[in-house]
Amino acid sequence: MKIFVSSRMRELHIERKTAIEVIHSLGHTPLYIETEPRVKDIEARDTMLNLVRNADAFLSLYYLSEGPQSKLLGSLAPIEFELQQFLDAHKETLHTTTPVLLFRREPDDLSPTQRLMSFFGSKSEAYKLKTTHFSRPDDLHKTLVQALHRYDNRKDAFGRKSGVTIRYMGPDYLGLIGTLSQVIFSRYRLNIDYISHASRGGHATVCLTCSYRVLPDVTNGSIDKTELESSLYDAVERDFEKAVRLAHLENAAARGVAPTVVVDVDDPLVRRQLFFLRVRTIDAPGQLNAICKTLKRIEFNIEELQLRPTDREYPRQITMAMWLSRLTGPVKDVLAEIETIEGALRYLVGIRAFSTKAIFDDEVMQHRATRPPRFKFELQH
């Protein structure tokens, strides 16, 4: 269940953080504005509207004041506008499938504004909404957990059935990843499952896999590849032009490089067992090539590889971190596969140390959560 969290950040920062983490820990998806929600343009308002209207539930936290009003919001404050928009969009199902939870922090010696109390009081009365009072973050934690337990049957499912792969290649600039993630989340409500970002010399490549959160009572719609591509490209191009004006490019040589965005719609996926391999080796030509040939010989695919610096006590050495998988199908004997990897690397020239760890995918972890774990391991050489 997607739950929108509405509050003033300046007054309820810790309480807001508590609510978001409780929602997530109980298996739901929190939706929220990351920064102080002061609307300055139509685009920011549309982002807010998109999140609010597509939420399955609404949580409102309020304390002393409603915040500044905005003409773009019909002379309402952001927390008033968000609640009113949700009520208008879901007034027929407020007490069934789209609940509204009101939580008010009790003030000590301070008095809340008359407008704040009048607004929430009128909405509570008109829509027959219950207000829960709390005095400290730990009170909020306890009462919110109790309130959300009645929606245990609407928790997000683990894993994903299908999704999209997004590839960006072009100039690197300050805010690139933020721009991509904002479009993916705010406009399309996709969850980013994986991201790989590399940048050197002002040039960047980004690969992301995204999916809808699978809800037990919701059928996910299809993803319009062309529309998503266009939205991402327009946002990147607009931000890139701004970055050029503000001199936010990492390297001026990338100014003449045109960005490209490609979206591929995935078929239903079979998640493969992954292994995380960390190898410390001498920093010499040919070492990476030798390791790659060895992994190919034992039929392991390199899903991702990173070269990382070693500690100072290991001069002229380098650490390789890589994610491996079997392309031939699911792994049945994890320990045997780890021994295959380590046995092939153990006597390779230049290898100084390595460790291997099995990484279970979401579906495997969901199955294992129904019974006590039998082992946890990390082999080192």
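Quick note: the coordinates plus some simple rules give every number you see, no bench work behind them. Nothing here was measured: the structure is a model prediction, and the numbers come from that model. When we count neighbours, we look across all protein chains shown, and the Cβ atoms used for this are built from the backbone with ideal geometry, even at glycine.
Remarks
- Under 5 Å, built H, 5+ apart or other chain: amide partners of L274: I359, D361
- Each Cα pair under 8 Å and six or more residues apart adds its sequence gap; the mean of these over the residue count of region 78-136 is a relative contact order of 41 percent.
- Listed residue (N191, C207, G163) projecting farthest to the positive dipole end of region 125-207, Cβ model: G163
- Cα gyration tensor shape of region 2-154, rounded if a/c is under 1.5, else prolate or oblate by comparing a/b with b/c: rounded
- Sorting 241-249, 43-51, 81-89 by their mean Cβ neighbour count within 10 Å, with the most densely packed peptide first, gives 81-89, 43-51, 241-249.
- Residues of type aspartates and glutamates that K17 reaches as a straight line, Cα spacing below 15 Å, ignoring anything fewer than 8 places off in the same chain: E34, E36, D138, D139
- Table column - 3J(HN,Hα) (Hz), region 306-321, Karplus curve with 6.51, -1.76, 1.60, x for Gly and Pro: 10, 9, 10, x, 9, 5, 5, 6, 10, x, 6, 10, 9, 10, 10, 10
- Ordered from longest to shortest, the equivalent ellipsoid semi-axes for region 43-100 are 20, 14, 9 Å, each the square root of 5 times a Cα gyration tensor eigenvalue.
- Among the trypsin sites (Lys or Arg not before Pro) in region 281-321, those placed in a DSSP loop whose Cβ has at most 16 other Cβ atoms within 10 Å are R312, R316.
- Per-residue HN-Hα couplings for region 93-109 [Karplus 6.51, -1.76, 1.60; θ = phi - 60°; Hz; x = Gly/Pro]: 10, 4, 9, 10, 9, 10, x, 10, 10, 9, 10, 10, 7, 6, x, 7, 9
- FRET efficiency, 1/(1 + (r/R0)^6) with R0 30 Å, evaluated for T93 and S355 via beta carbons: 0.05
- A simple packing score, the average count of other Cβ atoms within 10 Å per residue, orders the peptides 176-184, 94-102 as 176-184, 94-102, with the highest score first.
- Based on the reciprocal of the average 1/r between different C-alpha atoms, the Kirkwood radius for region 163-206 equals 11.2 Å.
- Region 164-265, Rg to Rh (Cα coordinates; Rh as Kirkwood inverse mean 1/r): 1.01
- Taking amide H as placed 1.01 Å from N in the peptide plane, the amide H of E303 sits under 5 Å from that of W323, L324, S325, each at least 5 places away or on another chain.
- Applied to region 11-24, the Karplus parametrisation 6.51 cos²θ - 1.76 cosθ + 1.60 on θ = phi - 60° returns per-residue 3J(HN,Hα) values of 9, 10, 5, 5, 5, 5, 4, 4, 4, 5, 6, 5, 4, 5 Hz, with x for Gly and Pro.
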